[in-house]
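Computed from the coordinates by the stated procedures, all read-outs in this text should not be read as laboratory data. Being a predicted model, the structure only gives us computed values, none of them experimental. Because the Cβ atoms are built from the backbone with ideal geometry, glycine has one as well, and the counts that use them run over all protein chains shown.
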Amino acid sequence: MKKYLKLAIIISLVSAGGIHIVRRLAPDEDKQREQAALKRLFPQVQSFTEKTGQPPCYEGYIINDQAQKELKGLCFLTTDVAPEVKGYAGPIKLMLGMDTKGILTGIEIIKHHETPSYVWGIEEPWFKEQFKGKSVYDAFRLGEDIDGISRATVTVSAIAEGVRKSAVRIGRERLGLEIAETEENPWLSVDYLPLIYLSGLLGMALASLLLKTQSWRIVSLGTAIVLVGFYHTDPLSSVNLINILTYRLPGLARNPFWYILAGFAILSCLLWGRVYCGFICPFGAVLELLEIVKAYRLKLSQRLEQRAKYIKYIILWLIVVAALVLNNANVGDYEPFSALFTQAGNWLDWSLLALAIGGSLFIPRFFCRYLCGVGLGLGLISKYSLKQLEIKENCRKCQNCKSACPYGAIEVQPGGALNINPVECIQCHICLNNCPQGNIGR
Amino acid sequence: MKLNIFKSDLKRDDLIFVAVLLLAVCLVGFIISGNIYDSLYPPLFSGPVIDVEQVLKRIDKSGLKPVEARYYRVIERDRQGNIREISRAR
């Protein structure tokens with residue numbers, strides 16, 4: 001194991017160094033995008049100043065008929081003017097163009113860390129075009145004068161709020177316009193119904209965990225598919241994991257659903273283990289419910305199975321290192337569940353989804369066991385959980401639990417003793433129900 | 001059938017498993033490498049902003065008239081080369 005760890009560290013350092021050099025040699029992308037955006041927002045402007053003043057703006061000038069320099073408009077970044085507005089994964093850097101009367105000439109997206117498979121629509125021309133011609137006196141409210149994008153509500157709300165706040169501030173402070181105060185309590189616009197549903201789901205999951213009832217667990221998984229999967233389309237992903245590591249989080253009032261879900265997942269890991277995977281994850285639920293089909297079950301050699309589990313370590317290592325070096329969590333956006341729950345994706349996403357589903361007909365939770373970065377991340381936290389599921393000392397080593405465990409989480413130690421691997425165990429309690437001596441507990 | 005992979009003989013089930021897993025790993029690797037490439041070399045903008053009014057004016061100027069079409073389709077190609085309709089103009 002030490003040999004592999006050394007190798008991983010060496011490869012990490014070499015690849016990080018290589019990517020760092022490539023990035024240093026490349027020109028500043030944000031600056032390039034800003035320059036291109038300036039021209040698109042004010043194609044008729046002959047010259048722009050550097051960013052000046054407070055709040056900082058690019059000033060665009062033309063030479064008028066009297067051969068004099070005339071201010072045509074201002075361009076500014078939402079991250080400079082309203083940095084407190086955050087999307088799903090931190091601030092969304094937009095450039096706005098505004099003429100001297102407070103009319104927007106358009107918006108351009110400079111940089112964001114939102115998950116591309118959910119928010120591809122924000123870069124569509126129709127989406128950006130709807131801001132063109134709006135005035136600083138407009139509401140910029142989702143569902144009123146701004147059309148949303150389904151399953152990207154958090155991001156679109158953040159864009160609308162960022163545009164409104166920065167346009168109003170620039171209008172007041174740089175153009176001297178009188179604009180009435182329209183600050184709102186963000187908690188008033190929160191949709192509380194999904195939060196109530198989620199609380200019910202988490203309560204049901206906790207009850208089935210503590211009462212050790214399989215039927216409740218199945219109901220919990222079914223509810224998770226509907227609520228977390230198709231209704232809210234907000235399951236935890238590797239991108240979330242990286243965003244948590246890099247502290248790139250949404251505003252609390254913007255997405256309380258995510259905070260409750262992620263908080264529950266981490267807290268339950270610290271207390272019991274991967275409760276999220278076993279009771280809440282909608283994709284795991286879909287794969288697990290496929291077992292109803294009872295297709296042919298592959299009988300794998302233990303050595304091969306144990307080695308295959310290390311693939312997810314390599315994937316997680318790769319995406320975390322790449323995300324940290326590139327400062328972009330979206331490199332970890334590989335899970336096929338966005339294709340399933342949003343019904344949108346390219347051929348690669350659909351192929352991986354088909355393989356994950358097909359594989360699960362022959363190996364229970366095929367994707368979770370060998371490829372899921374979130375599951376591994378939560379599993380690594382579960383190594384330190386307070387109340388781990390354990391096989392007690394007076395075990396008779398009948399291995400009934402090992403045969404019953406559908407996820408290969410029970411390992412035979414040298415000497416024949418059995419051990420539940422907390423990284424792999426999803427707390428389904430199937431082993432517990434199959435131990436004739438009742439030797440498994442916390 | 002005997003193959004010497006991982007220094008052990010593989011049964012039929014193991015062989016099927018290795019094939020499926022290898023395919024899945026290749027897909028995951030392909031997706032992640034695509035994400036890394038997109039992050040290193042992001043496109044400046046996803047597609048052109050088309051002013052439909054301007055397009056219609058140019059068509060009028062050129063003297064072209066739609067014969068059977070009821071509307072013009074403004075399209076763009078995505079990264080996979082698929083054609084997607086952005087808007088329609090009568």
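At a Förster radius of 60 Å, what calculated FRET efficiency corresponds to the Cβ-Cβ distance of residue A:67 and residue A:195, to the nearest 0.05? Here the calculated transfer efficiency is 0.45.
Rank-order A:322-335, B:21-34, A:277-290, A:4-17 by packing density, defined as the average count of other C-beta atoms within 10 Å over each peptide's residues, highest first. Let's see the in-between values first.
Working: A:322-335: 23.6, B:21-34: 17.3, A:277-290: 25.6, A:4-17: 12.0.
With the highest mean Cβ count within 10 Å placed first, the list reads A:277-290, A:322-335, B:21-34, A:4-17.
Hull volume per residue, based on the alpha-carbon atoms of the range A:28-184 and their convex hull, is 114 Å³. Kirkwood hydrodynamic radius of the range A:193-388, from the reciprocal of the average inverse Cα-Cα distance over all distinct pairs: 17.4 Å.
Simple spin-label estimate for residue A:188 and residue A:214 gives 5.2 nm between the two label positions (7 Å along the Cα-to-Cβ direction from each Cα).
Give the peptides A:249-258, A:228-237, A:48-57 in descending order of average Cβ contacts within 10 Å, highest first. Intermediate results must be reported in sequence, preceding the final value.
On the way: A:249-258: 19.0, A:228-237: 21.4, A:48-57: 14.4.
So the order, starting with the most tightly packed, is A:228-237, A:249-258, A:48-57.
For the segment A:220-231, counting C-beta atoms of other chains within 10 Å of every residue's C-beta and taking the mean gives 0.
Tell me what chain A gives for mean residue ellipticity at 222 nm when only DSSP H runs of n ≥ 4 count, each as -39,500 (n - 2.57), the sum divided by the residue total, rounded to 500 deg cm²/dmol.
Numbers: 19 runs with 201 residues, N = 442.
Only helices count here, giving -13500 deg cm²/dmol.
Please tell me the relative contact order of chain A in percent, rounded to the nearest whole number, where contacts are Cα pairs under 8 Å and at least six residues apart. Intermediate results must be reported in sequence, preceding the final value.
Numbers: 675 pairs, mean separation 57.6, N = 442.
Computed over chain A, the figure is 13 percent.
Here the alpha carbons of the protein assembly as shown define both size measures, Rg and Dmax, at 27.2, 98 Å.
With respect to the cross-link table entries A:3/A:309; A:39/A:134; A:69/B:57; A:299/A:383, which display a Cα-Cα separation exceeding 24 Å?
Long pairs (Cα-Cα over 24 Å): A:69/B:57; A:299/A:383.
May I ask you to sort A:21, A:225, A:92 by Cβ crowding, counting other Cβ atoms within 10 Å and putting the fewest first?
Ordered by Cβ neighbours within 10 Å, fewest first: A:21, A:225, A:92.
Taking every residue in A:328-338 and counting other chain Cβ atoms within 10 Å of its Cβ, the average works out to 4. Close amide H pairs (under 5 Å, H built 1.01 Å from N) link residue A:88 with A:155, residues at least 5 positions away or on another chain. Our estimate of slack between residue A:310 and residue A:327, defined as 0.36 nm per intervening residue step minus the Cα-Cα distance, is 3.6 nm.
Ranked by the mean number of other Cβ atoms within 10 Å per residue, highest first, peptides A:192-204, A:77-89, A:387-399 order as A:77-89, A:192-204, A:387-399.
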